[in-house]
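Enquirer: Below is the structure I would like to discuss, written out as structure tokens.
The values are calculated or read from the model by the stated rules, or taken from the named source; none is laboratory data. All of these numbers come straight from a predicted model, not from anything done at the bench. Cβ placement follows ideal geometry from the backbone for every residue including glycine, while neighbour counts extend to all protein chains displayed.
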Amino acid sequence: MQFKTSVLLVLIILSPLNLVPTRGEDSKALSKASLTLPPEDLQWWREARFGMFVHWGVYAIPGRGEWVMWNERIPFREYSKLADRFNPRKFDASRWAAIAKSAGMKYMVVTTKHHDGFCLFDSEVSNFTSTKTAARRDFIAEYVKAARQAGLGVGFYYSPLDWRFPGFFFPDLYRENAEAMKQQTYDQIRELMSRYGKIDILWYDGGEDDWLGFGGIEYRDGKWQSRDTKWPQEKRYSGKPLWEPEKLNGMVRQLQPKIIINDRSGWKGDFSTPEMKVGEMNRERPWETCYTLAGSWGWTPGNPPLSLRESIHLLSKVVCRDGNLLLNVGPDPEGEIEAGQVERLQEIGQWLGKYGECIYKTRGGPFQPTASFGSTYSQERVYLHILDWPENTLILPGIPHKIISSTNLTGKEAQVSQTGGSIKVTVSVQDRQSMITIVKLVLDAPVDVYPSK
């Protein structure tokens with residue numbers, strides 16, 4: 001995931017890398033027509049609303065997050081020894097899938113390779129994989145099988161970024177090495193897209209050209225200088241482009257025509273990915289907030305998870321703004337998700353078992369959300385998500401539909417009155433759920449407008 005801002009002047013001694021050959025099939029002409037999926041092919045994903053993100057790899061052994069190699073400047077020759085210890089005896093992909101289902105999640109996205117280069121799958125172009133080191137297992141194959149059997153959407157996270165390649169840090173100085181990193185990406189994406197059957201989601205991370213040199217190293221004005229990690233236009237990466245994302249994703253589309261692709265490869269993708277924040281209301285551009293359940297992506301022992309109230313508020317705020325939530329867990333070195341996180345996920349699932357109609361198969365709106373309120377709708381049903389009650393009565397703008405019934409899903413009663421210019425909603429204190437109050441309105445016709453305020 002995103003790195004912590006710092007001035008980066010990197011001189012890392014790396015062990016020799018396996019350079020991969022250029023493959024003729026990558027040079028074949030690929031269609032440059034629009035790569036974006038039509039809306040109907042994203043419909044299942046938008047209706048799902050809630051998925052599980054899993055960050056797992058050899059970085060689970062030190063237990064200091066997935067950026068431990070980078071943050072602690074561990075030379076690769078030392079870091080690579082973790083693979084000789086990575087043999088998770090308790091890993092059970094079916095257990096992961098069962099936990100996701102118990103949480104009410106509809107799809108999963110699992111790290112196939114993070115920035116450290118370690119692959120959880122069998123790759124012909126790398127020896128730094130779970131199949132060629134201590135575990136001798138293709139964890140991705142096991143995950144795919146389990147997710148499918150559980151009826152969950154199957155997603156792959158993949159990072160083109162690879163800290164083992166000097167060409168990543170200095171793409172102009174070590175161009176051949178940077179090209180080798182690119183070739184590895186094309187080869188491994190081809191492997192992932194062609195060996196595991198139908199894949200539903202491809203979630204890139206760190207593949208844009210602006211990531212080259214980490215936004216921290218660039219040769220300008222006769223010397224190496226740091227670039228701003230926020231990449232304003234005047235400080236964007238100005239070297240020779242590397243990734244050719246349209247070509248890469250053209251290959252993906254040939255192999256997996258209906259796969260949903262995110263926006264972190266240098267191409268706009270099918271959906272946007274705000275990280276650790278709730279996205280803005282946007283019904284035109286599909287989006288998904290990725291967020292950690294326990295404060296870190298890779299396993300960090302003992303981190304407390306979000307409270308149930310925080311979790312439900314997060315999910316509500318995302319869906320009321322018409323987005324999806326991808327909630328992350330980081331299993332431990334043995335492949336187990338911490339008991340406290342499992343308990344919280346199951347509690348979320350229990351809540352969704354009661355009130356999921358206000359989340360699944362809904363769209364954000366028709367009312368514009370605030371910090372304490374949001375709404376979702378499906379056909380003629382509107383769900384008011386009241387997170388906090390700053391006043392005794394909630395006043396909403398009028399809509400061109402008649403309210404024919406109202407129900408307090410999370411309590412006993414709700415008083416709803418409608419005039420030409422407003423809607424007033426009152427729920428007694430004893431009928432307000434402390435976590436969130438959901439009031440269901442049934443209109444005389446499907447929602448077809450969108451109040452601006």
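Enquirer: Out of L42, L17, I need the residue that is surrounded by 11 or more Cβ atoms within 10 Å (Cβ to Cβ) and either of a type in the set (F, W, Y) or modelled with pLDDT under 95 (or both). Which one?
Expert: Within the list L42, L17, the selection yields L17.
Enquirer: Also, quick follow-up: Please state which one of A60, A83 is within 18 Å of D138 (Cβ to Cβ), crowded, with 20+ Cβ neighbours inside 10 Å and within 22 Å of the chain's Cα centre (by Cα).
Expert: A60
Enquirer: Go through (1) in contact (Cβ under 8 Å) with a residue 60 or more places away in the chain; (2) more than 17 Å from the chain's Cα centre (by Cα) one by one and return the number of the condition G104 breaks.
Expert: (2)
Enquirer: Hey, another quick one. In the range 321-370, what count of residues is obtained for those that are basic (K, R) and farther than 23 Å from I201 by Cα?
Expert: Residues in the range 321-370 being basic (K, R) and farther than 23 Å from I201 by Cα: 2 in total.
Enquirer: Say we look at the range 406-453 and pick out the residues that are touching a strand residue (DSSP E or B) at 6+ places or on another chain (Cβ under 9 Å) and exposed (fewer than 11 other Cβ atoms within 10 Å of the Cβ); which of these is farthest from K354 (Cα to Cα)?
Expert: G421
Enquirer: With the requirement that a residue be surrounded by fewer than 21 Cβ atoms within 10 Å (Cβ to Cβ) and either touching a residue at least 60 places away in the same chain (Cβ under 8 Å) or farther than 30 Å from N303 by Cβ (or both), what does the range 257-272 give you?
Expert: Across the range 257-272, the qualifying residues are P257, K258, K268.
Enquirer: A further question follows. Being part of a loop (DSSP other than H, G, I, E, B) and crowded, with 19+ Cβ neighbours inside 10 Å is the filter here, so list the residues in the range 279-290 that pass it.
Expert: Listed by number, the residues that qualify are G279, P286.
Enquirer: Looking only at residues in the range 352-367 that are touching a Gly at 6+ places or on another chain (Cβ under 9 Å) and more than 17 Å from N324 (Cα to Cα), which one is surrounded by the fewest Cβ atoms within 10 Å (Cβ to Cβ)?
Expert: For the range 352-367, the residue satisfying everything is G353.
Enquirer: Next question, about the same structure. For L327, only one of the following conditions fails: (1) out of contact with any Asp or Glu (no Cβ under 9 Å at 6 or more places or on another chain); (2) assigned to a loop (DSSP other than H, G, I, E, B). What is its number?
Expert: Just one mismatch for L327, condition (2).
Enquirer: Is it the case that the range 340-347 has a residue that's crowded, with 23+ Cβ neighbours inside 10 Å, under 15 Å from the mean Cα position of the chain (by Cα) and not assigned by TED's automatic domain parsing to the domain that holds I399?
Expert: Checking the range 340-347: not a single residue is crowded, with 23+ Cβ neighbours inside 10 Å, under 15 Å from the mean Cα position of the chain (by Cα) and not assigned by TED's automatic domain parsing to the domain that holds I399.
Enquirer: Continuing with this model, one more query. Report every pair of residues separated by at least 6 positions or lying on different chains whose Cβ atoms are under 8 Å apart, first residue within the range 368-381 and in a strand (DSSP E or B), second hydroxyl-bearing (S, T, Y) and at pLDDT 95 or above.
Expert: As it stands, the answer is G374/S316; S375/Y383; T376/T362; T376/Y383; Y377/T362; Y377/Y383; S378/T362, since those pairs meet every condition given.
Enquirer: What residue, among those in the range 139-184 that are of a type in the set (D, E) and more than 22 Å from the chain's Cα centre (by Cα), is modelled with the lowest pLDDT?
Expert: The first filter runs over the range 139-184 and keeps only residues of a type in the set (D, E), leaving 142, 162, 172, 176, 179.
This time we only want the ones that are more than 22 Å from the chain's Cα centre (by Cα), so: 172, 176, 179.
Values: D172: 88, E176: 98, E179: 98.
Among residues in the range 139-184 that are of a type in the set (D, E) and more than 22 Å from the chain's Cα centre (by Cα), the one modelled with the lowest pLDDT is D172.
Enquirer: Let me ask something else about it. Restricting attention to the range 311-320, does a residue exist that is in a loop (DSSP other than H, G, I, E, B) and in the same structural domain as G104 (by TED's automatic domain parsing)?
Expert: No, the range 311-320 contains no residue that is in a loop (DSSP other than H, G, I, E, B) and in the same structural domain as G104 (by TED's automatic domain parsing).
Enquirer: Against the condition within 26 Å of the chain's Cα centre (by Cα) and either more than 20 Å from I261 (Cβ to Cβ) or at pLDDT below 60 (or both), how does E72 come out, does it pass?
Expert: In short, yes.
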